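Here the structure comes first, spelled out in C-alpha coordinates, and everything after it is commentary.
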Amino acid sequence: MIDGCGRNIDYLRLSVTDLCNYRCRYCMPENRVHRRSRREMLSLEELEAVARGAVALGVTKIRLTGGEPLMRRGIVELCRRLRAIPNLQELCLTTNGSLLPELAAPLREAGVDRLNISLDTLRPERFTQITRMGTLEQAIEGLAAAQQAGFTNLKINTVLIGGFNDDEILDFVGLTKLHPWEVRFIELMPMGPCANWDKRCFLPDTAVLKRCPELRPVPAQGVARRYRIPGAKGAVGLISPMSHDFCADCRRIRVTADGKLKGCLHSREEIDLQGLHGWQLQNAIRQGIAHKPQRHHLSERKSDTPRNMNQIGG
(Lines give C-alpha, C1' and ligand atoms only; values in the text may rest on other atoms or scores of the structure.)
Protein backbone atom coordinates (compact mmCIF):
# COMPACT_ATOMS: atom_id res chain seq x y z
CA MET A 1 0.00 0.00 0.00
CA ILE A 2 1.24 3.45 -0.95
CA ASP A 3 0.03 6.30 1.25
CA GLY A 4 -0.85 9.83 0.20
CA CYS A 5 2.81 10.89 0.45
CA GLY A 6 4.14 8.07 -1.71
CA ARG A 7 5.48 5.97 1.19
CA ASN A 8 5.24 2.19 0.95
CA ILE A 9 3.50 1.06 4.16
CA ASP A 10 4.68 -2.45 4.98
CA TYR A 11 5.12 -2.40 8.79
CA LEU A 12 2.43 -2.82 11.46
CA ARG A 13 3.00 -2.21 15.14
CA LEU A 14 0.20 -4.14 16.83
CA SER A 15 -0.44 -3.48 20.52
CA VAL A 16 -1.88 -6.46 22.38
CA THR A 17 -2.42 -4.80 25.77
CA ASP A 18 -2.13 -1.44 27.49
CA LEU A 19 -1.23 -3.11 30.80
CA CYS A 20 2.31 -3.21 32.12
CA ASN A 21 4.04 -4.55 35.22
CA TYR A 22 6.22 -1.41 35.29
CA ARG A 23 5.29 2.26 35.53
CA CYS A 24 8.11 3.94 33.62
CA ARG A 25 8.04 7.65 34.38
CA TYR A 26 8.01 8.84 30.76
CA CYS A 27 5.38 6.29 29.71
CA MET A 28 2.71 5.87 32.39
CA PRO A 29 1.40 7.70 35.44
CA GLU A 30 2.27 6.12 38.77
CA ASN A 31 -1.36 5.88 39.86
CA ARG A 32 -4.84 6.22 38.39
CA VAL A 33 -4.06 4.01 35.41
CA HIS A 34 -7.31 3.48 33.52
CA ARG A 35 -8.02 -0.23 33.19
CA ARG A 36 -10.23 -0.97 30.23
CA SER A 37 -12.71 -3.83 30.40
CA ARG A 38 -11.96 -6.98 28.44
CA ARG A 39 -14.76 -6.28 25.96
CA GLU A 40 -13.13 -2.95 25.07
CA MET A 41 -9.95 -4.72 23.96
CA LEU A 42 -9.34 -6.69 20.80
CA SER A 43 -9.66 -10.44 21.30
CA LEU A 44 -6.97 -12.82 20.05
CA GLU A 45 -9.19 -13.57 17.07
CA GLU A 46 -9.60 -9.87 16.31
CA LEU A 47 -5.87 -9.25 16.63
CA GLU A 48 -5.25 -12.07 14.18
CA ALA A 49 -7.88 -10.68 11.81
CA VAL A 50 -6.25 -7.22 11.87
CA ALA A 51 -2.87 -8.79 11.17
CA ARG A 52 -4.23 -10.85 8.28
CA GLY A 53 -6.00 -7.82 6.83
CA ALA A 54 -2.82 -5.74 7.01
CA VAL A 55 -0.69 -8.46 5.42
CA ALA A 56 -3.25 -8.83 2.62
CA LEU A 57 -2.66 -5.13 1.90
CA GLY A 58 1.11 -5.46 1.74
CA VAL A 59 2.40 -5.45 5.33
CA THR A 60 5.38 -7.78 5.62
CA LYS A 61 6.57 -7.01 9.17
CA ILE A 62 4.58 -7.04 12.40
CA ARG A 63 5.88 -5.97 15.79
CA LEU A 64 3.85 -6.85 18.88
CA THR A 65 3.89 -4.18 21.58
CA GLY A 66 2.10 -3.13 24.76
CA GLY A 67 2.03 -1.96 27.52
CA GLU A 68 4.01 -5.08 28.20
CA PRO A 69 2.93 -7.59 25.54
CA LEU A 70 4.00 -10.60 27.59
CA MET A 71 1.26 -9.76 30.10
CA ARG A 72 -1.37 -10.51 27.47
CA ARG A 73 -3.05 -13.83 28.15
CA GLY A 74 -2.53 -16.12 25.16
CA ILE A 75 0.44 -14.20 23.78
CA VAL A 76 2.30 -17.36 22.73
CA GLU A 77 -0.75 -18.72 20.91
CA LEU A 78 -1.22 -15.36 19.19
CA CYS A 79 2.38 -15.42 18.00
CA ARG A 80 1.87 -18.93 16.64
CA ARG A 81 -1.21 -17.79 14.71
CA LEU A 82 0.50 -14.73 13.27
CA ARG A 83 3.57 -16.69 12.23
CA ALA A 84 1.28 -18.89 10.14
CA ILE A 85 0.02 -15.94 8.03
CA PRO A 86 1.25 -16.36 4.44
CA ASN A 87 3.57 -13.59 3.18
CA LEU A 88 4.40 -12.31 6.67
CA GLN A 89 8.17 -12.07 6.53
CA GLU A 90 9.06 -10.90 10.04
CA LEU A 91 7.38 -11.19 13.44
CA CYS A 92 9.02 -9.18 16.23
CA LEU A 93 8.17 -8.23 19.79
CA THR A 94 9.21 -5.42 22.12
CA THR A 95 9.31 -6.23 25.84
CA ASN A 96 10.78 -5.00 29.11
CA GLY A 97 12.23 -8.49 29.47
CA SER A 98 10.93 -9.23 32.96
CA LEU A 99 8.81 -12.21 31.85
CA LEU A 100 11.29 -13.65 29.36
CA PRO A 101 12.72 -16.27 31.78
CA GLU A 102 9.38 -18.09 31.47
CA LEU A 103 8.39 -17.10 27.95
CA ALA A 104 11.53 -16.69 25.79
CA ALA A 105 11.68 -20.33 24.73
CA PRO A 106 7.91 -20.64 24.01
CA LEU A 107 8.01 -17.41 21.98
CA ARG A 108 10.92 -18.69 19.94
CA GLU A 109 9.13 -21.98 19.36
CA ALA A 110 5.99 -20.08 18.31
CA GLY A 111 7.92 -18.32 15.56
CA VAL A 112 8.93 -14.92 16.91
CA ASP A 113 11.94 -13.86 14.85
CA ARG A 114 13.44 -11.07 16.93
CA LEU A 115 13.16 -9.30 20.28
CA ASN A 116 13.75 -5.72 21.34
CA ILE A 117 14.31 -5.35 25.08
CA SER A 118 13.78 -1.99 26.78
CA LEU A 119 16.56 -1.03 29.20
CA ASP A 120 17.13 2.58 30.23
CA THR A 121 19.87 2.18 32.83
CA LEU A 122 22.49 -0.30 33.97
CA ARG A 123 22.40 0.88 37.58
CA PRO A 124 20.07 -0.99 39.97
CA GLU A 125 18.88 2.02 41.95
CA ARG A 126 18.16 4.02 38.82
CA PHE A 127 16.31 1.10 37.27
CA THR A 128 13.90 1.02 40.20
CA GLN A 129 13.61 4.80 40.05
CA ILE A 130 12.64 4.94 36.37
CA THR A 131 10.39 1.85 36.30
CA ARG A 132 8.91 2.40 39.80
CA MET A 133 8.35 -1.36 40.10
CA GLY A 134 11.09 -3.34 38.38
CA THR A 135 14.60 -4.50 39.18
CA LEU A 136 17.69 -4.54 36.99
CA GLU A 137 18.16 -8.20 37.89
CA GLN A 138 14.88 -9.03 36.10
CA ALA A 139 16.05 -7.33 32.93
CA ILE A 140 19.44 -9.07 32.96
CA GLU A 141 17.76 -12.44 33.52
CA GLY A 142 15.45 -11.67 30.61
CA LEU A 143 18.37 -10.92 28.31
CA ALA A 144 20.06 -14.15 29.33
CA ALA A 145 16.85 -16.12 28.74
CA ALA A 146 16.45 -14.63 25.27
CA GLN A 147 19.96 -15.64 24.32
CA GLN A 148 19.54 -19.12 25.75
CA ALA A 149 16.31 -19.55 23.76
CA GLY A 150 18.23 -18.87 20.55
CA PHE A 151 17.26 -15.28 19.80
CA THR A 152 19.99 -13.52 17.82
CA ASN A 153 20.30 -9.90 16.72
CA LEU A 154 18.91 -8.72 20.06
CA LYS A 155 18.23 -5.01 20.24
CA ILE A 156 18.29 -3.00 23.46
CA ASN A 157 16.07 0.09 23.44
CA THR A 158 17.42 2.88 25.64
CA VAL A 159 15.48 6.13 25.97
CA LEU A 160 18.05 8.91 26.29
CA ILE A 161 17.15 11.22 29.20
CA GLY A 162 19.28 14.20 30.13
CA GLY A 163 20.20 14.26 33.81
CA PHE A 164 19.18 10.65 34.27
CA ASN A 165 21.15 8.24 32.08
CA ASP A 166 23.30 10.39 29.80
CA ASP A 167 26.30 9.61 32.03
CA GLU A 168 25.80 5.93 31.13
CA ILE A 169 26.20 6.34 27.38
CA LEU A 170 29.68 4.84 27.39
CA ASP A 171 28.48 1.96 29.57
CA PHE A 172 25.78 1.09 27.06
CA VAL A 173 28.13 1.47 24.10
CA GLY A 174 30.56 -0.78 25.96
CA LEU A 175 27.99 -3.60 25.85
CA THR A 176 28.41 -3.74 22.08
CA LYS A 177 32.11 -4.51 22.44
CA LEU A 178 31.34 -7.73 24.29
CA HIS A 179 27.98 -8.82 22.88
CA PRO A 180 26.47 -9.07 19.37
CA TRP A 181 23.65 -6.75 20.40
CA GLU A 182 22.51 -3.46 18.98
CA VAL A 183 22.01 -0.76 21.59
CA ARG A 184 19.50 1.74 20.25
CA PHE A 185 19.43 5.18 21.85
CA ILE A 186 15.99 6.71 21.35
CA GLU A 187 15.39 10.44 21.81
CA LEU A 188 12.83 11.25 24.49
CA MET A 189 9.62 12.63 22.97
CA PRO A 190 7.31 15.24 24.61
CA MET A 191 4.21 13.12 25.07
CA GLY A 192 2.23 11.74 27.99
CA PRO A 193 3.77 12.15 31.47
CA CYS A 194 7.00 13.73 30.18
CA ALA A 195 5.40 16.28 27.85
CA ASN A 196 6.15 19.13 30.26
CA TRP A 197 9.51 17.93 31.59
CA ASP A 198 12.45 20.33 31.68
CA LYS A 199 13.92 20.86 28.22
CA ARG A 200 17.28 19.62 29.48
CA CYS A 201 15.81 16.12 29.63
CA PHE A 202 15.40 16.07 25.85
CA LEU A 203 18.86 15.31 24.48
CA PRO A 204 19.70 15.08 20.77
CA ASP A 205 21.40 11.94 19.53
CA THR A 206 24.60 13.93 18.98
CA ALA A 207 25.19 13.48 22.73
CA VAL A 208 26.04 9.84 21.98
CA LEU A 209 28.48 10.71 19.22
CA LYS A 210 30.15 13.37 21.35
CA ARG A 211 30.63 10.96 24.26
CA CYS A 212 31.95 8.22 21.99
CA PRO A 213 33.85 9.75 19.05
CA GLU A 214 35.34 6.37 18.06
CA LEU A 215 31.96 5.25 16.69
CA ARG A 216 32.06 4.75 12.93
CA PRO A 217 29.02 4.77 10.59
CA VAL A 218 27.74 1.49 9.19
CA PRO A 219 24.69 0.93 6.93
CA ALA A 220 21.41 2.20 8.38
CA GLN A 221 18.54 -0.13 9.25
CA GLY A 222 14.97 1.16 9.16
CA VAL A 223 14.78 4.51 10.95
CA ALA A 224 18.00 3.89 12.90
CA ARG A 225 21.29 5.47 11.89
CA ARG A 226 23.88 2.87 12.90
CA TYR A 227 27.46 2.99 14.14
CA ARG A 228 30.07 0.57 15.39
CA ILE A 229 33.28 0.76 17.40
CA PRO A 230 35.97 -0.91 15.28
CA GLY A 231 36.28 -4.52 16.35
CA ALA A 232 33.07 -4.54 18.40
CA LYS A 233 30.71 -7.51 18.20
CA GLY A 234 27.59 -5.34 18.20
CA ALA A 235 26.41 -1.97 16.96
CA VAL A 236 24.88 1.30 18.15
CA GLY A 237 21.68 2.67 16.66
CA LEU A 238 20.38 6.24 16.94
CA ILE A 239 16.63 6.80 16.61
CA SER A 240 16.02 10.51 16.43
CA PRO A 241 12.38 11.58 16.09
CA MET A 242 13.23 15.03 17.47
CA SER A 243 16.54 16.08 15.93
CA HIS A 244 16.40 14.11 12.66
CA ASP A 245 12.78 13.96 11.53
CA PHE A 246 12.42 10.63 9.66
CA CYS A 247 8.73 11.07 8.79
CA ALA A 248 9.48 11.07 5.06
CA ASP A 249 10.72 7.50 5.38
CA CYS A 250 8.14 6.24 7.89
CA ARG A 251 6.56 3.04 6.59
CA ARG A 252 4.52 2.00 9.64
CA ILE A 253 1.00 2.11 10.93
CA ARG A 254 -0.13 1.29 14.46
CA VAL A 255 -3.15 -0.46 15.89
CA THR A 256 -3.88 -0.01 19.58
CA ALA A 257 -5.03 -2.78 21.89
CA ASP A 258 -8.55 -1.30 21.85
CA GLY A 259 -8.67 -1.47 18.07
CA LYS A 260 -7.80 2.03 16.88
CA LEU A 261 -5.63 2.44 13.80
CA LYS A 262 -3.19 5.34 14.03
CA GLY A 263 -1.27 6.52 10.99
CA CYS A 264 1.13 8.40 13.24
CA LEU A 265 2.17 7.91 16.84
CA HIS A 266 1.60 11.60 17.56
CA SER A 267 -1.68 12.17 15.72
CA ARG A 268 -5.11 12.52 17.33
CA GLU A 269 -6.72 10.88 14.32
CA GLU A 270 -7.80 7.26 14.79
CA ILE A 271 -9.91 4.79 12.83
CA ASP A 272 -11.92 2.26 14.81
CA LEU A 273 -11.35 -1.30 13.59
CA GLN A 274 -13.16 -3.13 16.35
CA GLY A 275 -16.10 -5.18 15.11
CA LEU A 276 -15.04 -4.99 11.46
CA HIS A 277 -14.45 -8.10 9.36
CA GLY A 278 -13.46 -9.08 5.85
CA TRP A 279 -13.59 -6.36 3.20
CA GLN A 280 -14.86 -3.79 5.73
CA LEU A 281 -11.77 -4.32 7.88
CA GLN A 282 -9.43 -4.11 4.89
CA ASN A 283 -11.13 -0.96 3.64
CA ALA A 284 -10.71 0.68 7.05
CA ILE A 285 -7.01 -0.24 7.11
CA ARG A 286 -6.66 1.04 3.55
CA GLN A 287 -8.32 4.31 4.58
CA GLY A 288 -5.91 4.67 7.52
CA ILE A 289 -2.92 4.16 5.24
CA ALA A 290 -4.22 6.61 2.62
CA HIS A 291 -4.66 9.33 5.25
CA LYS A 292 -1.41 8.76 7.10
CA PRO A 293 -0.13 12.24 8.14
CA GLN A 294 2.82 13.65 6.26
CA ARG A 295 4.75 14.40 9.46
CA HIS A 296 4.54 15.07 13.18
CA HIS A 297 5.05 18.51 14.71
CA LEU A 298 7.31 17.78 17.67
CA SER A 299 9.71 20.55 16.66
CA GLU A 300 6.86 23.03 17.14
CA ARG A 301 4.82 21.62 20.03
CA LYS A 302 4.34 18.57 22.20
CA SER A 303 2.65 15.48 20.82
CA ASP A 304 -0.94 15.92 19.63
CA THR A 305 -2.06 12.52 20.88
CA PRO A 306 -4.04 12.48 24.14
CA ARG A 307 -2.86 8.93 24.85
CA ASN A 308 0.09 7.77 26.90
CA MET A 309 2.63 5.57 25.17
CA ASN A 310 1.34 2.39 26.84
CA GLN A 311 -2.10 3.10 25.36
CA ILE A 312 -0.68 3.26 21.83
CA GLY A 313 2.11 0.70 21.73
CA GLY A 314 5.80 1.46 22.21
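Data overview
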{"item": "Per residue accessible area in Å² of the chain, where ligands, DNA and RNA are left out and the probe is 1.4 Å", "result": "45"}
{"item": "For the stretch 1-150: relative contact order, % (alpha-carbon pairs under 8 angstrom, 6 or more apart)", "result": "26"}
{"item": "Karplus (6.51, -1.76, 1.60) ³J(HN,Hα), θ = phi - 60°, over the stretch 257-274, in Hz, Gly and Pro reported as x", "result": "5, 9, x, 9, 7, 10, x, 9, 3, 9, 8, 7, 6, 9, 10, 7, 9, 5"}
{"item": "Shape call, the chain: gyration tensor on alpha carbons, a/c limit 1.5", "result": "rounded"}
{"item": "J(HN,Hα) series, the stretch 117-131, from Karplus relation 6.51 cos²θ - 1.76 cosθ + 1.60, nearest Hz, glycine and proline x", "result": "10, 7, 7, 9, 7, 10, 10, x, 5, 5, 4, 5, 5, 7, 8"}
{"item": "Estimated [θ] at 222 nm from DSSP helical runs (n ≥ 4, -39500 (n - 2.57)) normalised by residues in the chain, nearest 500", "result": "-8000 deg cm²/dmol"}
{"item": "Packing-based ranking, highest mean first, of 304-310, 161-167 given that Cβ atoms within 10 Å are counted", "result": "304-310, 161-167"}
{"item": "The chain: angle of helix 278-290 to the longest principal axis, Cα-based, in degrees nearest 10", "result": "50"}
{"item": "Share antiparallel - DSSP beta bridges, the stretch 1-154, percent rounded to 5", "result": "5"}
{"item": "Length-normalised contact order of the chain in % [C-alpha pairs under 8 Å, at least 6 apart]", "result": "23"}
{"item": "Contact order normalised by residue count of the stretch 167-241, Cα under 8 Å, 6+ apart, percent", "result": "41"}
{"item": "Helix 169-178 axis, angle to the chain major axis (alpha carbon atoms, nearest 10°)", "result": "80"}
{"item": "Per the chain, cysteines lacking a partner by the 4.7 Å Cβ criterion", "result": "Cys5, Cys20, Cys79, Cys92, Cys194, Cys201, Cys212, Cys247, Cys250, Cys264"}
{"item": "Inter-part distance where the stretch 243-258 and the stretch 145-187 are each reduced to a Cα centre, Å", "result": "22"}
{"item": "Packing-based order for 258-269, 65-76, using average beta carbon neighbours within 10 Å, highest first", "result": "65-76, 258-269"}
{"item": "Signed unit charges on C-beta, dipole axis of the stretch 140-236, positive-most listed residue Cys194, Ala235, Leu154", "result": "Ala235"}
{"item": "DSSP-defined beta bridges in the chain - what % are antiparallel, rounded to 5", "result": "30"}
{"item": "Net charge contributed by nearby residues that have their C-beta within less than 15 Å of Val76 (K/R +1, D/E -1)", "result": "0"}
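The values are calculated or read from the model by the stated rules, or taken from the named source; none is laboratory data. What you are looking at is a predicted structure, and each value in this text was computed from that prediction instead of being measured. Neighbour counts run over all protein chains shown; Cβ positions are idealised from the backbone, glycine included. SASA here: full protein model, heavy atoms, side chains in, ligands and nucleic acids out. Shrake-Rupley method; radii C 1.70, N 1.55, O 1.52, S 1.80 Å.
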